[in-house]
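FYI, it's all coordinate maths here, none of it is from the lab. Not measured: the values here are computed from a predicted model. Positions of Cβ are generated from backbone atoms using ideal geometry, with glycine treated the same way; all protein chains shown enter the neighbour counts.
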Amino acid sequence: MVVDDSAIIRGLFTRLLESDSDISVTASASNGEVAVKSFIRHKDIDVIILDIEMPVMDGLTALPKLLEVDPEVKIVVASTLTKRNSKTSIRALTAGAVDYIPKPSSSREIGDGGEFRRELLEKVKTLGDVRRRRLGRGPWRRLAKSTAAPPAASVPISLRQAGSEKPEVLAIGSSTGGPQALFAFFGDLKTTFKLPIIITQHMPSTFTPVLAEHISQATGWWCNEGKEGDVITPGRIFLAPGDFHMLVEARGANKVIRLNKESPENFCRPSVDPMLRSIAKAYGGRVLVVVLTGMGTNGKKGAQTIVRNGGTVIAQNEETSVVWGMPGAVATTGICSAVLPLDRIASYVMKSAGEAA
């Protein structure tokens with residue numbers, strides 16, 4: 001279902017979605033109130049594209065009402081990349097929306113397709129397949145290798161022994177479903193935790209400062225976007241800013257943040273892989289990596305580098321992930337020392353760092 005107050009935008013979204021033979025748009029709505037009523041009638045809907053700013057009932061108000069009808073439906077927030085909309089979108093992502101898609105500023109940009117079409121179709125098809133598989137229905141189509149890992153039941157997971165060195169840094173990679181997972185993780189992690197925390201969450205540049213602010217406000221942790229030359233200090237969270245790869249570099253006795261705008265990796269900038277490669281170089285085996293829910297396989301190659309250098313990698317399990325792409329990719333490669341439900345990851349991290357859970 002497509003929900004947007006603009007008939008033109010609804011039509012363009014529908015046309016792009018139905019250009020793929022695996023997707024059928026079964027309903028559309030001009031505001032949240034109409035969407036809720038329509039969803040009650042069409043309970044076979046797998047994915048909802050939800051605009052934020054609409055008359056009568058906006059997207060943020062409609063979101064919990066839609067989830068009340070069906071808690072398993074996958075809701076993707078569509079909004080323009082303004083500071084105001086970014087704040088509202090982050091609120092939606094922490095309230096149950098599983099992903100977002102930056103809405104182009106003009107109908108011409110949507111109509112041109114290209115990168116926007118690729119991102120839209122990939123997200124809708126992947127999320128639809130995840131929902132249908134969990135409900136025991138047949139998938140829309142065979143999952144692409146670049147989009148999601150095979151279900152846990154079909155691939156045996158072999159675990160490896162954790163690295164022998166005590167970690168000096170915690171690195172986290174996440175994507176689809178990541179904001180909710182990060183809030184839950186930091187809610188479980190004691191604020192006495194001493195290690196610095198380096199995060200790459202796939203998000204545009206207007207979203208990442210808002211996410212950092214929300215993490216600080218909701219959890220009591222110090223969290224900021226990483227800035228060029230920042231000295232990495234214990235007990236602080238450094239979040240990769242949108243549109244930059246965030247790296248770590250050893251500089252004398254310190255470790256510092258480096259930012260660059262090199263080409264996207266796995267269609268992402270920031271990307272998890274370059275962050276992990278740089279951390280492996282700066283810290284050697286004194287690294288603990290957590291791969292949370294996310295689409296694609298970003299982080300797999302970087303995690304392999306971490307393990308080769310003696311570090312430890314753990315992943316979120318399939319049952320608690322919105323999309324088991326990123327964590328599934330590392331889990332099924334045999335490089336993880338643990339594959340855990342989200343609510344058990346913080347205690348594992350605390351114990352690995354030698355702190356009481």
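One table, with the values for the structure above:
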| item | result |
| --- | --- |
| Potential extension, E228-S24 segment - 0.36 nm per residue separation minus Cα distance | 68.9 nm |
| 27 Å Cα-Cα threshold exceeded, pairs from K43/K87; K65/K125; K74/K103; K123/K166; K125/K300; K123/K261 | K43/K87; K123/K166 |
| Helix 59-69 vs. the chain, principal-axis angle (Cα, 0 to 90°, nearest 10) | 90 degrees |
| Acute angle (nearest 10 degrees) that the helix 208-219 long axis makes with the longest principal axis of the chain, alpha-carbon atoms | 70 degrees |
| Counting all C-alpha pairs of the chain, share separated by more than 31 Å (%) | 32 percent |
| Cα gyration tensor shape for the stretch 152-352, rounded if a/c is under 1.5, else prolate or oblate | rounded |
| In the stretch 197-282, trypsin sites (Lys or Arg not before Pro) in a DSSP loop with at most 13 other beta-carbon atoms within 10 Å | K227, K261 |
| Gained length - E119 relative to K83, 0.36 nm times residue gap less alpha-carbon distance | 10.8 nm |
| Angle in degrees between helix 272-283 and the longest Cα principal axis of the chain, rounded to the nearest 10 | 10 degrees |
| Under Karplus coefficients 6.51, -1.76 and 1.60, residue-wise ³J(HN,Hα) of the stretch 165-179 in Hz, glycine/proline x | 8, 5, x, 10, 8, 10, 10, 10, x, 7, 8, 4, x, x, x |
| Taking the convex hull of Cα positions in the stretch 2-134, its mean projected area over all directions (nm²) | 7.2 nm² |
| Using a Förster distance of 25 Å, the FRET efficiency for E68-K190 (Cβ separation, nearest 0.05) | 0.15 |
| Highest average packing first - 168-176, 216-224, 197-205, Cβ atoms within 10 Å | 168-176, 197-205, 216-224 |
